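The values are calculated or read from the model by the stated rules, or taken from the named source; none is laboratory data. In this text the structure is predicted, and so the values were computed from the model without any measurement. All Cβ positions, glycine included, derive from the backbone under ideal geometry; neighbour counts span all protein chains shown. All accessible areas refer to the heavy atoms of the entire protein, side chains included, with ligands and DNA or RNA removed. Shrake-Rupley method; radii C 1.70, N 1.55, O 1.52, S 1.80 Å.
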Amino acid sequence: MSSEAPTADAMLPDTPESYQRTLDALVERVQAARVRALRSVNQELVLLYWDIGQEILLRQKQEGWGAKVIDRLARDLRSLFPDMGMSARNLKYMRAFAKTWPADRKVPQPVAQIPWGHIRTLLDKLDDPDVRLWYATKAAEHGWSRSVLVHQIEGALHLREGKGLTNFVS
C-alpha cells in the first residue's frame with residue numbers, strides 16, 4: 001500500500017488527459033490569489049498601524065499624553081481586539097513608525113508591502129530614513145524574510161551595492 005495520494009487518473013479511469021493540467025493551473029491560481037489577499041490584508045494593517053501612530057503623536061502634542069495613557073490605551077485596545085497585538089510596546093512602535101514617515105509624506109509603497117515585523121526591525125536597526133526605505137524596497141522586491149533582512153542590514157548591503165541610495169536622495 002502506497003503512502004502517496006492517488007493521482008486523479010487513478011481515482012477516475014475516465015478522466016480526460018487535460019484534467020491534471022487544469023487542476024494544476026487552478027491550484028496555481030488559488031495559491032496566487034491567497035498570496036495577493038494576504039498582501040492586501042498586511043498592507044491594510046500596516047496603514048492602520050501608521051494611522052494609530054499618527055493619532056498617538058497628535059494626542060501627545062495637543063494633550064500631552066504620556067506613557068501611562070499609552071499603557072491604558074494598549075490595555076483597552078487589547079481587550080477589544082485580543083488578536084491584533086495592541087501591546088504598549090507595539091503602540092510605541094506605531095508611534096515611531098508614524099514619526100518616521102510623517103503625515104505629509106505618508107507611508108511609501110514598499111514599506112506598506114512588508115510585514116509589520118520587518119518595519120519594527122527597520123525602526124530598531126536603522127536611523128537614516130533613506131537607508132530604511134532602501135531596505136524596505138529591497139525586502140518588498142525580493143520577498144526577504146525578517147532574518148534575511150537583518151542579515152542584509154548587518155552586512156551593510158546598501159554600501160556594497162554602491163549607488164544603492166542615490167535613487168532616494170533628492
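Side notes on the structure shown:
- Scanning region 99-121 for residues that are under 15 Å from the mean Cα position of the chain (by Cα) and of a type in the set (A, V, I, L, M) returns VAL107, VAL111, ALA112, ILE114, ILE119.
- Residue count, region 111-132 (criterion: open to solvent by 30 Å² or more (accessible area, probe 1.4 Å), part of a helix (DSSP H, G or I) and closer than 16 Å to VAL46 by Cα): 1
- Filter result (over 17 Å from the mean Cα position of the chain (by Cα) and of a type in the set (D, E, K, R)) within region 39-91: GLU55, ARG59, LYS61, GLU63, LYS68, ASP71, ARG72, ARG75, ASP76, ARG78, ARG89
- Residue within region 61-82 that is open to solvent by less than 60 Å² (accessible area, probe 1.4 Å) and among the aromatic types (Phe, Trp, Tyr) present: no
- Filter pass, VAL46 being in contact with a helix residue (DSSP H, G or I) (Cβ under 6 Å, 6 or more places away or on another chain), of a type outside the set (Asp, Glu), in a helix (DSSP H, G or I) and farther than 21 Å from GLU161 by Cα: yes
- Filter result for ALA25 (within 28 Å of LEU126 (Cα to Cα), at pLDDT 90 or above, surrounded by 10 or more Cβ atoms within 10 Å (Cβ to Cβ) and over 19 Å from the mean Cα position of the chain (by Cα)): no
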